[in-house]
Every structure is written in C-alpha cells, then in structure tokens.
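The values are calculated or read from the model by the stated rules, or taken from the named source; none is laboratory data. This structure is a prediction, so every number in the text was calculated from the model and none was measured. Ideal geometry is used to build each Cβ from the backbone, glycine not excepted, and the neighbour counts take in all protein chains shown.
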Ligand code: HEM
C-alpha cells in the first residue's frame, strides 16, 4: 500500500491534472465558478487517495479508460448503442451496471467459500471480483453522465439525482470503503458479511430497474439543479456506506461473541476496532453532508432548516451515531451492546435513505416509487 | 444538569419529537386533521401542539435545556482541558510510568539525549526534558494535543448552532403571542382590514414569509403562515412582478422557473430590477427573496358554451381564472367558477410506449354551481389527445375532490376541431333529417328483407328509437328495451337497435357531406368509426352532470409567482457553528493524543520508555511498537 513517492504516484497525479485541464478547456462554458472549484477540489481528493492507496490508482485509470472507450464508440450518437456489439453488451451505462449487478453476487458467493476454505486463491478471486464490479459500475455511472448529455445538452446532469442512480452509488462507495479496509487490516474474511448488504442493494436496484423502468434518464427538476448536489450526495453516501459496513461488521462481532465461526473470522478486538473506525469516518462525512444539505436548502428552499422529513431523519441518524460515539469514547463502553446499537443504527439509516422517500412526503423531490 | 445522562435524555426527547413531526404531516390546514383524526383526537393533538411540533413551546423548551446542559458541560470541562492541553506531565513518578500498558525497558548503553530528542521531534512530538537533583533525565513528549480541543470545538459548535437556530425560531414573536400583543389571523379577509394585532412591522428581525404576485402586480407586505392562520409582515420595500417564465425540457417537464422582479426601496425610493430563479435567490435590504412556487395569476379565457342537448346556438363567454360568471340555463341561474389554467400538462397516456410522458397542452378547471349551492368540478383539455390511434377532446367531471375525474371523450373531426362533432349533434337533434334518413335507409336496404317486414312499422319504431336515444342516449334505449321487450328477445333487439342507430348516424354524415362537398371535416378513412365515437360521446354526455360544454377558444396566459422572503440573522451563526463542528469532530476522532516519557536514571544502562494515550485503538499498539523499535535502533 505504501509507495507514496513512486513514479506511478507522480504519473497518476499528472494524469489527474491533465484530465481536469482537458475538462476545463472543453466544457468550461457549461460550468459555473463553483463547479470549476469542485473539479479542482476533486483533483486534490483523488490525488490524495491515489497517493496513499495504490489500487485506487489502478481503479481510477481503469474507469477512465472504459469511459473514454465508451465515449469513443458512441461517436456522439445515442442510438449506436443498439447496433454496436460492445456498447450493447458491455459499455452502455445500463450494461455496465448490469455487469456490476452480476459480479457483486458472484463475489459474495466466493467470499463465503473463502471464509471456510481460507485459500489465498479464493480470497484473491473474491476481492478481484469486487474490484471489477466496482470498476464497471463506476464507469457505468460516468457513461450514464455522458449519455444524459447525448439525449440533449440541457438534460445532461451528473447521475446521482434519483433513487436508481444513488443506489448504484451506494453499492460503489460501500465496496470501495470495504475494500480499503480489507487491504488495511489484511483480512478477506469480512467480505462475506459486507457483500450481503451490497447485494441487498443490488437486488433492490434490479427490481427497481426491471419492474419500474427506473433506469430511464430523466431531466432534473429545477430544485436539484445545483452544484451543491455534487458534494452533498456523495458525502451522504460515504456516511450511509460506512454505517452499513459498521452494521455488518457488528454482525460478525456478535457471531464471534457467541463463539461461532471463531476459527474463521478475525478476533473480537479487530472487529470492534473496525466498527469504530467506519462509524467515525461515516460520522464525519455524514456531518459534512448534513451541513451541506442545510446550505443547499438555504439556497433552494429559502431556509437552512425546514424540518422536512429527510432533514429531520438525517438529524436522527446523526444523533444516534453521536450517542454511539459518546458511549464508546467517554464511557469506554465496548462489546455486544454497541454492536447491537450499530445494527439498529443501520435500520435508522435505511429509513432515512429509503423509508422517508417511500412513506413520508416532503420537499426532497427525488425518488418516489 | 451538565451530566451526560441528562443531556442524552434531552437528546432522545428531541429525537422522538422529531420522529412524531415527520410521521404526522406538519402545518396542514386544521380541517384536514379534523377529518383525519376526529374531534376527540384532534383536540388532544392540538393541545399538545402536535401539528406544529417544531414551533411548539415545549419543543423549544427542550432545546433550551439542551443548550444549557451542553453549556454547563463545556464550562465545567474546558478549564481542565485547556490546562491539560498546555501541560507536560513532568512530575510523574517511576512507579506510575511502570504501570502503563506500553512500558518498555530498553538496553541502551550509549544514551544520547540529543539524538533521542531529534528522533521524537521527527515523529511530530513536542519534547521537554527535565533533569532532577540526582541527575536522572526525564524526557517528556506529547503529540496530538488538539484532540482535546476537539471536545471544546464540537460542544461549543452545538451551542452556537442551537442559538443561531433559536434566533431564527421566532422566540420573540412567540412571547408576544403568548402575552396577547400579537394574534394569528384565522379569517380570510382583505389585507386592508387586517388589524394591527396581526401585523408585524419592519423591525421584525427574523421571518420566513410568502408573497404571491400576478404578473404586473406589486405588494408591500408578505404573509407568514402560522398554525391555522397567518400574520402579515410589512416589508422594507415593495416587490413587483414584471414577468414570470417557465422553461421546459423537450420532454415537457419544467426546467426552470424565473421571476423578473421590480424592487422599490421605501427608504430611498430607488428601484432595482432583478431576476431570481430556483437555487438563485437575491438579497435586497437584508431580506433574501427566493423563487418558491408558481400558480395561475388570472389567465383570461375566451370560451364557447354549447348546449349538447339542444340545437341552440353556442354562446361566447369571456372570463378569467378566479372569476365566476352567472349564466342562466333552462331558466335556472348557474354560476361558472373558473379555478385554474395550466399551459403545460405532462401526461403518460400513450400506452403503446413504456413510460413516455409528453405534453398534452393547456387545460382549465372550473365548477358549475347550481342554485342550491352544489357544484360539480370540470377539467377540460383544449387540444385533442390521441387514444387508440384516434383523437379526442377530453373533458373530465367529478362531484367531490376525493374522486378522480371521469372523462367525456368527444371525437375530433378530421381537421382536429370540435366543429364536426357539433354538426353531428345538430343533425342528431334534427327530427326531420332523421325521419328522411330512416326512410331512405329502409328504401335502399335489400328488397327481399323489406318485403317481409312491414316498412311502415319499421319506420315508426326506428323513429321512436331515435327519440329515446336523443333524450337519454344508449342508457335510455337499454331502459326501454328492459321495459318493453320480453327478456329472451332483449339481446337480439339491442343488437338490432344499435345497428340501426349506427347506420342512421353514419348516413346522416354521408348525406351532410354530399350536400356540402367543400366541407373537409369528415374526411375519415373509417367514417363509421367516427360516427360511433360521436354517438358514444353524445350518449355519455348524459352522465356529465350538465349538458353545457365549454370549449376553450383562446386565452391570454397570466401567471403568478410564489416568492419566499426571509430574514435569517441566525444563519451566520449556524454556519459558523457548523464549521466548528466539522473541525471539532475531525480533531476528536482523527487526532490521536499520545504522551511519551523516557526516564534515564543516572548510572543505569537501561532506559525506561512509557507510551500512553487517552483513547485506546488497535492502531495505537502498532504505533507504540514502532516508536519502541526506532528507539531500539539508536543503539547502533
Ligand atoms: C448533540 C449534541 C451533543 C451534546 C448535547 C453533548 C453533550 C455532552 C455532555 C453533556 C457531555 C458530558 C460532559 C460531562 O462530562 O459533564 C459530553 C461529553 C463529551 N462529548 Fe458530547 N455532546 C454532543 C455532541 C458530541 C459530539 C458530536 C461529539 C463528537 C464525537 C461529542 C464528544 C464528546 C466527548 C469526547 C465528551 C467527553 C469530553 C471529555 O471529558 O473528554 N459530543 N457531551
């Protein structure tokens, strides 16, 4: 993981700068000052990630190669997707996302095999499947971004604007966070638990796509046309993804606590520590996301806090994890109570993410079923 | 009160109250709650302020307690923390050092103080050394002291955010209301008659108020909705709407809402023009103006009123949305109340394609109210819509707002207008024409059949049939069959009657076309299909609640823009607090506080290394081991 000052790192950062420069010169007429800042900011963020995490560099380069290949194949004409073999079966956004949706379940199965047979080969296979699925899914979103502009320039928008798109985002971000920790704590055993939650999301995604035709690209309603969306939504999903991982690790913790699978899973201290770390990461990002949401709301709705159901549930989620952190950090509490708490936390989070859209109405205007 | 338990309890209360507030939809009209919960529960809920949880006194009280508790906590803990932050613990005794989990004895005969200090400083430690009387050297080092400040930052942030929120929470208005200085206006009365008790002057430092402006209109006050009524807020300027535009995507969904405003300061009399849109508000004289919604602003409508059940000539009518017109019909006074007009309507009607919605053009909504005050609601589309490959004018009716509209489908003629159907209706109501057409059909029909049947009889019954149809459509025909024909013959009779009606109706059109060869209204490939659609429409009109059909000829669109005007002095503090919160959380979670001591007793070859932290994470074990091995390396 540590080759910070290698040639590869320098090359990667150079590449990011070139890409951003290209985007700036080609598309600056479509961007306002804030969007340009976001673009430049993202160069720093991705450089930093790549600097500390070699595989992220590979990942990033792969998604861009795939996305560019797709754009090249499209030749600016959306209907080519019907005729071109590669686009139709691999590199149209929908196909790429479907590949992602096939590979995640596969990786779940392999992780479970690996859990019991502990062979390096199965572990490596499972991780690689997650990498490939994530790469395809991310390129799928990037390609979808491009496709939205092909439909019509004024329809074009970043693909994190409806429930379908954010579900894909959830799968991708959760996988990335997981795989980072997998490398860091050097165990592939947890994949068997974490891939469960990702595959639940995949299941929902498939149902939503096939039953409701949700993958159609729709134009943005005026309230969503804001640069804030580009930071608020990803930050939120880093939070959601981390909380989901925390709940799954807590599940593993409870199982080990019961004395089951102890010879297969990491020990309790490791699980406990990882739960804490992801909740801490999630809490920081969720705080930022909620604040950005308030800033955005101030601009779109005329008030930074309207007690809209989504806002209110974000507050509830936030309070929940603040309480969790208090208990652990101040009271020094450890053990199964906190594990149960973080599992219940996932239900609260899920209600904030989905339940609010399904059951409560409010100002948040996307993602009705 | 500054205990963790107290504040966690308060936090749980906030959580539970918030959940109630999201489950019970807030700030709805009180009647709708009444209908939903019944008088008994409505009264209880109202007493508890459950319809406006977040503005309730009890909710604000909890918030104030929370602030107080957190403040006390910060006041109590901060001095200690600041002291800790500055302090190097150099009074520590050897026994304490040995009690730490990470305590190592390292054999280091060539102890070099400077080398060790340099090493520690390279690892970002702040270092201090102390030599006591007996010549023992104690090196004290620490890093990550900011972690402790994180506590102050986060908790102070929560206080700042809550205070900012309270500043915008209308606390003063609440107090004034409680003391009876101000009163929420419940009645819907003209602005000029609203008493001072329900008016707030320009000095009000925090509000969120609404203004609805038609194009060309100007206002100097705004409305603050509050519980089941409202208050009137005086503005420091007048706001006028020059123009309102909606832009649409090619698919018809709205893309942007924009208002061109004219703002005139009351103080200086200066006028400013400014465009605002969703996500692009504008701040003028301390008040921020947002585009919040839009509606009709009294569109002018040119309408043609036709009686479908008589051959009276159609009557033109001029009206506006939000206006009502009195008309008399069959000696009864009716009122036509125009309620809404929409230029764009995105519908998903074409079932041949999956999920393709498109714009079907303007519609308008009106009520027809009779003398006893009862009213049906109508919604009519100006343009014909394509259904099953044919075009129909759709006009919906419902008796109560809970129902869906039931649509009368009038077929468009081949020019896409209503004229063809109106001609058809005139022909259908023309007794003479019908009679001659029936005769003609009987004569030209197959001779063998006409011999068997009594032509006269047939003609008579056909005429009667048409009479019945004119008066009540297929339903009346069915009714008469039910009454007059034995049940075993009913089906055959019904089939025969329908055939006759279709034949005659079609013939009426053919003859009309022959008389007026220049007319292009009935150029259909399948004319019988049109005449059947027209017959259906005529027949359905008996279920339309009225025989008056309103056709929208043209209109002059007037829109109204909904603005929100806010003054929010707390916003600055909320944002400042938010920044502190993020910094604080970062410090608290991601900075690891580490303290380290190296004790070198005079004359000994060993040193004592102790490392400790206030938060024990797994990574710390690694970190400690790392430092230890680095120090170990100093041997060489
Ligand atoms: C929702 C708002 C919050 C409230 C009302 C609150 C309240 C409190 C209270 C009452 C205490 C105990 C003070 C005492 O020991 O007497 C405390 C301690 C503490 N809180 Fe919070 N807290 C909040 C949010 C947070 C957050 C977001 C964090 C960050 C993770 C945090 C971290 C801590 C820490 C570390 C302490 C212990 C300080 C120490 O003694 O080292 N609190 N908090």
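Just to be sure I understand, how many residues within the stretch B:558-576 are modelled with pLDDT under 90 and either surrounded by fewer than 17 Cβ atoms within 10 Å (Cβ to Cβ) or within 16 Å of the ligand (Cβ to nearest atom) (or both)?
Matching residues across the stretch B:558-576 total 1.
Do you know which of the residues in the stretch B:9-41 that are surrounded by 16 or more Cβ atoms within 10 Å (Cβ to Cβ), more than 23 Å from the chain's Cα centre (by Cα) and without any contact (Cβ under 8 Å) to a residue 12 or more places away in the chain is nearest to the other protein chains (Cβ to nearest Cβ)?
Among them, the one singled out is B:15.
Given the residues B:436, B:395, which is the only one that is part of a helix (DSSP H, G or I) and either modelled with pLDDT of 90 or more or surrounded by fewer than 17 Cβ atoms within 10 Å (Cβ to Cβ) (or both)?
From the options B:436, B:395, the qualifying one is B:436.
So, in the stretch B:50-83, how many residues would count as being near the ligand (Cβ under 10 Å from one of its atoms), within 24 Å of residue B:141 (Cα to Cα) and exposed (fewer than 15 other Cβ atoms within 10 Å of the Cβ)?
Residues in the stretch B:50-83 being near the ligand (Cβ under 10 Å from one of its atoms), within 24 Å of residue B:141 (Cα to Cα) and exposed (fewer than 15 other Cβ atoms within 10 Å of the Cβ): 1 in total.
Can you name the number of the only condition in (1) more than 18 Å from the chain's Cα centre (by Cα); (2) within 11 Å of chain B (Cβ to nearest Cβ); (3) in a helix (DSSP H, G or I) that residue A:254 fails?
Condition not satisfied by residue A:254: (2).
Just the residues that are facing another protein chain (nearest Cβ under 9 Å) and farther than 22 Å from residue B:150 by Cβ, please, taken from the stretch A:275-305.
A:295, A:296, A:298, A:299, A:300, A:301, A:302, A:303, A:304, A:305
Just a yes or no: is a residue in the stretch B:185-196 over 27 Å from residue B:261 (Cβ atoms), free of Cβ contacts under 8 Å to residues at least 24 places away in the same chain, in contact with a strand residue (DSSP E or B) (Cβ under 9 Å, 6 or more places away or on another chain) and surrounded by 14 or more Cβ atoms within 10 Å (Cβ to Cβ)?
no
When you go through (1) away from the ligand (no atom under 16 Å from the Cβ); (2) modelled with pLDDT of 80 or more; (3) out of contact with any helix residue (DSSP H, G or I) (no Cβ under 8 Å at 6 or more places or on another chain); (4) more than 14 Å from every other protein chain (Cβ to nearest Cβ) one by one for residue B:106, which number turns out not to apply?
(3)
Considering only the stretch A:295-319, how many residues are in a helix (DSSP H, G or I), within 16 Å of the ligand (Cβ to nearest atom) and surrounded by 22 or more Cβ atoms within 10 Å (Cβ to Cβ)?
Number of matching residues: 5.
Among strands (runs of 3 or more DSSP E) lying entirely in the stretch B:280-389, which contain 3 or more residues that are more than 14 Å from chain A (Cβ to nearest Cβ) and within 32 Å of the chain's Cα centre (by Cα)?
Those strands (runs of 3 or more DSSP E) span B:300-307, B:332-342, B:363-369, B:375-381, B:385-387.
Which one of A:337, A:354, A:261 is more than 16 Å from the ligand (Cβ to nearest atom), assigned to a loop (DSSP other than H, G, I, E, B) and more than 9 Å from every other protein chain (Cβ to nearest Cβ)?
None of the other options fit; the residue is A:261.
Could you go through the stretch B:577-596 and let me know if any residue there is away from chain A (no Cβ under 12 Å), buried (at least 18 other Cβ atoms within 10 Å of the Cβ) and farther than 30 Å from residue A:282 by Cα.
Yes: the stretch B:577-596 contains one or more residues that are away from chain A (no Cβ under 12 Å), buried (at least 18 other Cβ atoms within 10 Å of the Cβ) and farther than 30 Å from residue A:282 by Cα.
Given the structure, is residue B:235 over 27 Å from residue A:225 (Cβ atoms) and either away from every other protein chain (no Cβ under 14 Å) or not in a strand (DSSP E or B) (or both)?
yes
Can residue B:251 be described as part of a loop (DSSP other than H, G, I, E, B) and within 14 Å of chain A (Cβ to nearest Cβ)?
yes
Based on this model, can you work out whether residue B:150 counts as assigned to a loop (DSSP other than H, G, I, E, B) and either within 16 Å of the ligand (Cβ to nearest atom) or within 14 Å of another protein chain (Cβ to nearest Cβ) (or both)?
Answer is no for this residue.
Counting only residues that are in contact (Cβ under 8 Å) with a residue 12 or more places away in the chain, out of contact with any helix residue (DSSP H, G or I) (no Cβ under 6 Å at 6 or more places or on another chain) and within 14 Å of the ligand (Cβ to nearest atom), how many does the stretch B:583-615 have?
Of the residues in that region, 4 qualify.
For the list (1) in contact (Cβ under 8 Å) with a residue 40 or more places away in the chain; (2) more than 14 Å from chain A (Cβ to nearest Cβ); (3) surrounded by 15 or more Cβ atoms within 10 Å (Cβ to Cβ), I need the number of the one condition that residue B:210 fails.
(2)
Just to be sure, is residue A:194 crowded, with 24+ Cβ neighbours inside 10 Å, away from chain B (no Cβ under 14 Å) and closer than 26 Å to residue B:255 by Cα?
Taking the combined requirement at face value, the residue does not satisfy it.
Mind listing whichever residues of the stretch B:1-39 are in contact with a helix residue (DSSP H, G or I) (Cβ under 9 Å, 6 or more places away or on another chain), part of a helix (DSSP H, G or I), over 28 Å from residue B:229 (Cβ atoms) and near the ligand (Cβ under 9 Å from one of its atoms)?
Those that are in contact with a helix residue (DSSP H, G or I) (Cβ under 9 Å, 6 or more places away or on another chain), part of a helix (DSSP H, G or I), over 28 Å from residue B:229 (Cβ atoms) and near the ligand (Cβ under 9 Å from one of its atoms): B:4, B:6, B:7, B:8, B:10, B:11.
I want to confirm something. Restricting to the stretch B:157-193 and keeping residues that are within 13 Å of chain A (Cβ to nearest Cβ) and modelled with pLDDT under 80, which single residue is farthest from the ligand (Cβ to nearest atom)?
Residue satisfying both the conditions and the ranking: B:170.
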